[in-house]
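I have placed the structure first, in the form of structure tokens, so that the comments after it can refer back to it.
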Amino acid sequence: MHRGFLADTPSADTSGALFEPVKDGRGVAGGWRDNPDSGGPFLAAVTSMMALPIEMAMLPLRMADIGMTMAAPILEAMMPTAARGPVSR
């Protein structure tokens with residue numbers, strides 16, 4: 001642990017940056033989108049509306065996959081696979 005980090009006496013007053021930022025000439029600016037109203041909720045809605053037909057087109061394939069995964073254990077129970085391998089003694 002650093003010595004003096006948890007000192008018994010309080011430190012002296014400093015000009016710190018707790019309540020206002022240090023004046024160093026730097027700032028934060030976006031600049032990646034010129035107009036704040038371009039995109040946002042409208043773009044999210046359009047993207048969702050375009051994804052919905054793709055999801056609906058994939059639904060039969062997903063249902064077929066579920067059917068195959070449910071049918072495999074039933075078929076194996078009805079007709080067991082080939083003879084099992086040798087039994088270890």
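The values are calculated or read from the model by the stated rules, or taken from the named source; none is laboratory data. Note that the structure is a prediction, hence the values are computed from the model and not measured. FYI the Cβ positions are ideal-geometry reconstructions off the backbone, even for glycines, and counts take in every protein chain you see.
A single entry from 88, 38 fulfils the requirement of being within 32 Å of the chain's Cα centre (by Cα) and either modelled with pLDDT under 70 or on the phi < 0 side of the Ramachandran plot (or both): 38. Taken together, the residues in the range 42-89 that are part of a helix (DSSP H, G or I) and either of a type in the set (S, T, N, Q) or touching a Phe, Trp or Tyr at 6+ places or on another chain (Cβ under 9 Å) (or both) amount to 3.
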